[in-house]
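**Student:** Pasting in a structure now, in structure tokens, and then I'll have a few things to ask.
Just so you know, all these numbers are worked out from the coordinates, no wet-lab data involved. Quick caveat: nothing in here was measured; it's all calculated off a predicted structure. All Cβ positions, even for glycine, are placed from backbone atoms using ideal geometry, and neighbour counts span all protein chains on display.
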Amino acid sequence: MSSINYPPEEIFKTPKFGKKNFEHIILWLLYNNDECQWSDFTEKPLELRLSTLSKYLSMLKGRGYVDNYSRGHYKITPEGKKRFHEISRVRGKKKKLSYPPKVIVRRRNYDHWILWMVYNNSFCKWSDFLEEPLSINQSSLSKNMNLLLDKGLVIKENKEYRITRSGKVEYSRMLQDYDLDRQSILNEESKRIEEITKKTIQFFENYSIKNEDIQFRFLNNILRLDYARVKSMLTNEEDFNKILLFLSINHPNQYPDYISTGDFSNAYGLKNTKLQYYIDEIVENNIYPIRFFKLTVSQDENYYFQSDEPLEIMLRAITEKHITKSTYLNKLFSRSFDLSDILSEVLDSSCRILFNENLRNALKNFLPQYINYLAYKIEEKVELKETYDKLEGIIWQDMIGLFQTQKGDELKDQYEEKIKEIDKEIEENPEKIELYNSKISILLYYEQLDDVLTILDDMLDIFPKNEIDIKMKKASVLRRLRNLEEGLDIIDELLEKYPKNNDLLNYKVYWLQYLNRKEEAIELIQSLVDKFPDNGTYNDTYGEILMYYEEYEHAIEKFLKTIEVASDEWYINQTYIKLGLCYKELQNFDSAIKNFRIGKELTEKSVSDAETKQKWLTIAELFLAEIQQIEEK
């Protein structure tokens, strides 16, 4: 007979109105027992569904309420106990709320009101914003809440609105817009830092991180890099923290101390493939707005530092000093720039003040791209009000020209050369659409998105019969520019003109998902599947949408249907990998492994381009590695 203390039936039975409060059920069980196992939740009397339990335990762990101290074993944390008492107090009672001060409500920035509310209260209901003292009208509340939800600053769960980690960062920025006293701003920021540092201290203890410089850099990284951005693929937050630790350890200030990816993986229990993949995503592919720089000493030895951290700020000051000095003198004496002299001066000063002399060669190779980065950063300034700002703009404009003419940026050179070749071919064969598509591919590779939009507009005049393809490419570019609403407008315009084109409806489903309009997306894809039940593409899309919204059991049904009716389609390898991901989330590891392996095998045999194949192979390998790591615990 189990010795587990279960909650009274009134806690876990389905109410006549509304839904079960799964958060309360799980926290009750953990609060009233020293520890609980997975089976304690899934067996009688609770009998929670696997997908429901997985979803809520992940949520509670992410908020620091639950500690998964070993595989399948859970404990409540001190923060979880506070949350449990809070839920227990408000059951059947009116929740007492904190409201924004007059300095904030004086302005009708409803998004700021909402952020203040969800930050300073554990959660808010829709009615909390409609009622006094805020009294936001329905339309304004809907508009501003959807905006915050789309940006990932607020999440909605069980009709409760909560702030995300990204929302807390935005809240801190928001306070700067108001005439709050310095101490109030510091107090608010301290709340956010305190919440993160509680978890960080435990992380340091678990892995014996005692070096204060590494601790400081890690804390700086974790405050600026939001885990939510990679959570959909990197489901273990501790793995994310290990990746940030790797970046924090391998900093130029630590030279000659260095740890390779292989040694780090062995020491910290993280798969090498996973570590390398996410380092590449953070540093090379810039998945965060924070820029990372890399100093390469050898193929297996790299050091990393952030933009706007003390080292980069000082390097920028040294670089700007020498470039500005050279510019003044060159303009005064009508001399031409000598890039090699500037680089030598920056290198000498930097190695004398900032970097170990043994990093000189690595820094020498790094400086041209860094100066180019600074040049384009200054070029992006819209307002040049003061005389010095204008002079600074002229100086860096000269530097951009210098780098282009002296081939300081080989990629730019290659890109321009390729475009010239394509333009020459287009001039000779202006009716050949493949040439335009080749040009677009090159521009996309070099992130020249505005140029792509211009070419697509020109193509509409030249190739009117290809309207759908051209406009959908334009919508895709707008998505990359994060202009989702305009992309959806293009799809709606096409649907008005081609109402029987079901593929356009399928595209619209994805756009509704991008905009987080879940109900509309589900309704639309359901209508397509009802109309064409044996269409593999539509079933696969349905599975993806359900998977995105973490409805894994239903997603599995759609992916299995896809495999049943479309086993020979070009995309079926991806379906197997997505199916494996769903099984993994439900902790059905045997089925997950089976489908990941089938997906890998089919991907290796597929005729897709090399980049697409590598992408799906990497995804499968990462999740297989994660399952292996879980099973080894």
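**Student:** Answer rounded, prolate or oblate for the stretch 409-499, using the Cα gyration tensor with square roots of eigenvalues a ≥ b ≥ c: rounded when a/c is under 1.5, else prolate when a/b is larger than b/c, else oblate.
**Tutor:** oblate
**Student:** Report the FRET efficiency, 1/(1 + (r/R0)^6), for residue 526 and residue 428, where r is their Cβ-Cβ distance and R0 is 60 Å, rounded to 0.05.
**Tutor:** So, using R0 = 60 Å, E works out to roughly 0.75.
**Student:** Kindly give the semi-axes, whole Å and largest first, of the ellipsoid equivalent to the stretch 510-633, taking each as the square root of 5 times a Cα gyration tensor eigenvalue.
**Tutor:** 24, 17, 13
**Student:** Counting Lys and Arg as +1 and Asp and Glu as -1, each charge on the Cβ, what is the dipole of the stretch 102-180 about the Cα centre in debye, to the nearest 20? Please report the intermediate quantities before stating the final value.
**Tutor:** Values: 13 positive and 10 negative charges, 25 e Å.
For this selection, approximately 120 debye.
**Student:** So how far apart, in nm, are the two label points at residue 206 and residue 630 if each is 7 Å from Cα heading toward Cβ?
**Tutor:** It is 1.6 nm.
**Student:** Have a look at the stretch 472-515 and give its Rg and Dmax from the Cα atoms, expressed in angstrom.
**Tutor:** Both quantities, over Cα of the stretch 472-515: 9.6, 29 Å.
**Student:** Over the Cα atoms of the stretch 188-306, how large are the radius of gyration and the largest Cα-Cα distance (Dmax), in Å?
**Tutor:** Reported Rg and Dmax, both Å: 13.7, 44.
**Student:** With a point put 7 Å past each Cα toward its Cβ, work out how far residue 360 is from residue 238 in nm, to one decimal.
**Tutor:** Output for this residue pair reads 4.5 nm.
**Student:** Taking other Cβ within 10 Å of each residue's Cβ, how do 148, 175 sort, fewest first?
**Tutor:** Fewest-to-most ranking of 148, 175: 175, 148.
**Student:** Using a simple spin-label model with points 7 Å from Cα along the Cα→Cβ vector, what separation in nm is obtained for residue 150 and residue 340?
**Tutor:** It is 5.4 nm.
**Student:** Where does each of 24, 85 land when they are ranked from fewest to most other beta-carbon atoms within 10 angstrom?
**Tutor:** Exposure proxy ranking, most exposed first: 85, 24.
**Student:** What is the pair-distance distribution P(r) of the stretch 102-180, computed from all Cα-Cα distances in 5 Å bins starting at 0, with each bin given as a whole percent?
**Tutor:** 3, 15, 30, 28, 18, 5, 0, 0
**Student:** Would you mind ranking 160, 604, 496 so that the residue whose beta carbon has the fewest other beta carbons within 10 Å leads the list?
**Tutor:** So the residues, fewest neighbours to most, are 496, 604, 160.
**Student:** With +1 on each Lys and Arg Cβ and -1 on each Asp and Glu Cβ, and nothing else charged, work out how big the dipole of the stretch 210-294 is about its Cα centre, in Debye to the nearest 20.
**Tutor:** 140 debye
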